[in-house]
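Trainee: Before we start, here is the structure in question, set down as structure tokens.
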Amino acid sequence: MSINDDLSNRLEKCYSGAVYDVLRAMGCPNQTLPNNIRPLDVDKKLAGPVYTVSGKYDASFDPHETLLNWTGLLSKAPKGSVVICQPNDDTLSHMGELSSETLQLRGIRGYIVDGGCRDSAFIKDIGFKVFCKYYTPVDVVGRWMAYGYGEPISIGGVQIHSGDYVMADRDGVVVIPRDMVEEVVLKTEEVLKTESLVRKAIMEGVDPQEAYLKYGKF
């Protein structure tokens, strides 16, 4: 998977609303993940190329095998990527303290899961960026294993492929198809510049409707 840190950093300076607006204008209005996937730290933004993981729950799994499997997951994600996990489970935690520290040390930009998290205070303190649906102390031992690495997944009806890009902040999570990402970033940067001009005009007393008609953005 190709990693472009400059593109990731530029995208992370944007915000999800502007990215969504650009995607909508480009004919892709359905690229946002469910609104119950929330950041541990609302002040952190996360962007970068996606590395997908999926998994399954089975209470008959051997505890040792699940831990072998989990530590294998931690070693597979490429440096500079954002891991997005479809756990196919809504009972367990699919991220915790030591795992977050490991991923951060390996240069992973963040982790987004359609599932749970534990040790959330510690993860927030170390600054690792996690987005999840809920918190629970229950871990994966003897109950959950990853089985898909880099394979397409679906979350909330959004199809996600490794190599796509993601932009996530306190407002939500937006997935950008890989073949559109450079154009989306450029157009979003243009939107931010235009919004600054509109804001300046409004602050100088220009009528909001006049400002909209002049700049075509509000």
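Trainee: Listed residues 33, 68; which is surrounded by 17 or more Cβ atoms within 10 Å (Cβ to Cβ) and either under 21 Å from residue 123 (Cα atoms) or at pLDDT 95 or above (or both)?
Mentor: Only one candidate qualifies: 33.
Trainee: Among the strands (runs of 3 or more DSSP E) contained in the range 1-117, which hold 3 or more residues that are within 15 Å of the chain's Cα centre (by Cα) and of a type outside the set (A, V, I, L, M, F, W, C)?
Mentor: 46-57
Trainee: Of the residues 190, 182, only one is surrounded by fewer than 20 Cβ atoms within 10 Å (Cβ to Cβ) and either more than 22 Å from residue 52 (Cα to Cα) or among the polar types (S, T, N, Q) (or both); which? Lay out the reasoning, then the answer.
Mentor: On the way: 182 fails: either more than 22 Å from residue 52 (Cα to Cα) or among the polar types (S, T, N, Q) (or both).
Result of the check over 190, 182: 190.
Trainee: Which count do you get for residues in the range 168-179 that are farther than 15 Å from residue 30 by Cβ and either touching a Leu at 6+ places or on another chain (Cβ under 7 Å) or surrounded by fewer than 18 Cβ atoms within 10 Å (Cβ to Cβ) (or both)?
Mentor: If we filter the range 168-179 for residues that are farther than 15 Å from residue 30 by Cβ, which is where we start, we get 168-171, 178-179.
Subsequent filtering for residues that are either touching a Leu at 6+ places or on another chain (Cβ under 7 Å) or surrounded by fewer than 18 Cβ atoms within 10 Å (Cβ to Cβ) (or both) retains 168, 170-171, 178-179.
The number of residues fulfilling the criteria is 5.
Trainee: Still on this structure, I have one more. Does residue 206 fit the bill of being part of a loop (DSSP other than H, G, I, E, B), over 22 Å from the mean Cα position of the chain (by Cα) and modelled with pLDDT under 75? If you could, list the steps in order and put the result at the bottom.
Mentor: Details: part of a loop (DSSP other than H, G, I, E, B): yes; over 22 Å from the mean Cα position of the chain (by Cα): yes; modelled with pLDDT under 75: yes.
Here the answer is yes, as residue 206 does meet what is asked.
Trainee: Determine whether the range 95-113 contains at least one residue that is within 30 Å of residue 216 (Cα to Cα) and surrounded by 15 or more Cβ atoms within 10 Å (Cβ to Cβ).
Mentor: no
Trainee: Additional query: For the range 141-153, check the following and say yes or no: at least one residue is over 30 Å from residue 69 (Cβ atoms) and in a strand (DSSP E or B).
Mentor: First, pick out the residues of the range 141-153 that are over 30 Å from residue 69 (Cβ atoms): none.
No, the range 141-153 contains no residue that is over 30 Å from residue 69 (Cβ atoms) and in a strand (DSSP E or B).
The values are calculated or read from the model by the stated rules, or taken from the named source; none is laboratory data. Everything numeric here is computed off the predicted structure, so don't read it as measured data. All Cβ positions, glycine included, derive from the backbone under ideal geometry; neighbour counts span all protein chains shown.
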